[in-house]
Amino acid sequence: MLQYKNLEEKIKACQRCHLRETCLNVVPGEGNVNAEIMFIGEGPGENEDKQGRPFVGAAGKFLDELIAIIGKKREEVFIANILKCRPPGNRDPLPEEVEACWPWLVEQIKTIKPKLIVLLGRHAMERFLPNQKISKIRGQALRREVPEIGKQVFYVMYHPAAALYQGSLREVLISDFKKIPKVLEAIEKEEDIPVADKVEEKVAVEENKQTTLF
């Protein structure tokens, strides 16, 4: 606990990129520092920037509902973002901003040691599982060795905010969320979980097969 508190204070004092000059608050993340599940989104929005907490707007309320579906509370998981500071106007993160924040996220993961990291949305997925398509791998557990972290199991989902703009994704998110307990069970039983690189190869083969039909 003390180790994480020290890390959190360092994150709050970060001046590694220009985003600190325009945001109101640094948003390190929050939750159980011994959590089995860690959720990682894109970055703070307007409400998060004001409160200094992750996922507190409309998308955050939906995330709370989703967490409740698997019998857990926000306090039992850990919620963080790729970026710790809000980009102006909620624009997409720039590569140099992601790189500046990356060491902090690595330290959070190494400190918390989650069994499962749930990636919320395209930007979070791209950081850990590059060259994948979220529409192809969402709702799947994938294992990948990340150089700075080691072997880790990831689970890809659409960002909760996507359901606010496209109502049909609400049921997709609920359906994918309900699979999380089974994924944790598979991890604990040390069952085989697909490797991300092999999944990418499989998708490429399937796409090539499809193009030959037309």
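Structure values in brief
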{"read-out": "All positions within region 67-92 that are closer than 11 Å to residue 43 by Cβ, in contact (Cβ under 8 Å) with a residue 12 or more places away in the chain and among the basic types (Lys, Arg)", "value": "84, 86"}
{"read-out": "Residue count for region 163-175, restricted to those that are within 18 Å of residue 123 (Cα to Cα), surrounded by fewer than 20 Cβ atoms within 10 Å (Cβ to Cβ) and touching a helix residue (DSSP H, G or I) at 6+ places or on another chain (Cβ under 9 Å)", "value": "2"}
{"read-out": "Within region 160-202, considering residues that are of a type in the set (Ser, Thr, Tyr) and assigned to a helix (DSSP H, G or I), the one nearest to residue 38 (Cα to Cα)", "value": "175"}
{"read-out": "Of residues in region 1-17 being surrounded by 14 or more Cβ atoms within 10 Å (Cβ to Cβ) and in contact (Cβ under 8 Å) with a residue 60 or more places away in the chain, the one nearest to residue 188 (Cα to Cα)", "value": "4"}
{"read-out": "Selection from region 113-133 of residues that are assigned to a helix (DSSP H, G or I) and surrounded by fewer than 21 Cβ atoms within 10 Å (Cβ to Cβ)", "value": "122, 123, 126, 127"}
{"read-out": "Identity of the residue in region 93-112, without any contact (Cβ under 8 Å) to a residue 60 or more places away in the chain and in contact with a helix residue (DSSP H, G or I) (Cβ under 7 Å, 6 or more places away or on another chain), that ends up surrounded by the fewest Cβ atoms within 10 Å (Cβ to Cβ)", "value": "98"}
{"read-out": "Region 80-112: number of residues that are in a helix (DSSP H, G or I) and basic (Lys, Arg)", "value": "1"}
{"read-out": "Tally, over region 140-170, of residues that are aliphatic (A, V, I, L, M), within 20 Å of residue 196 (Cα to Cα) and either out of contact with any Lys or Arg (no Cβ under 7 Å at 6 or more places or on another chain) or touching a residue at least 60 places away in the same chain (Cβ under 8 Å) (or both)", "value": "3"}
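Yes/no matrix, rows are residues, columns are (1) among the β-branched types (Val, Ile, Thr); (2) under 20 Å from residue 112 (Cβ atoms); (3) part of a loop (DSSP other than H, G, I, E, B):
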{"site": "6", "(1), (2), (3)": "no, yes, no"}
{"site": "9", "(1), (2), (3)": "no, yes, no"}
{"site": "16", "(1), (2), (3)": "no, no, yes"}
{"site": "21", "(1), (2), (3)": "no, no, no"}
{"site": "26", "(1), (2), (3)": "yes, yes, yes"}
{"site": "33", "(1), (2), (3)": "yes, yes, yes"}
{"site": "39", "(1), (2), (3)": "no, yes, no"}
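Each value in this text was obtained by applying a stated rule to the coordinates, not by laboratory testing. Because the structure is predicted, anything quoted here is derived from the model rather than measured. Please note: Cβ atoms are built from the backbone with ideal geometry, for glycine as well, and neighbour counts cover all protein chains shown.
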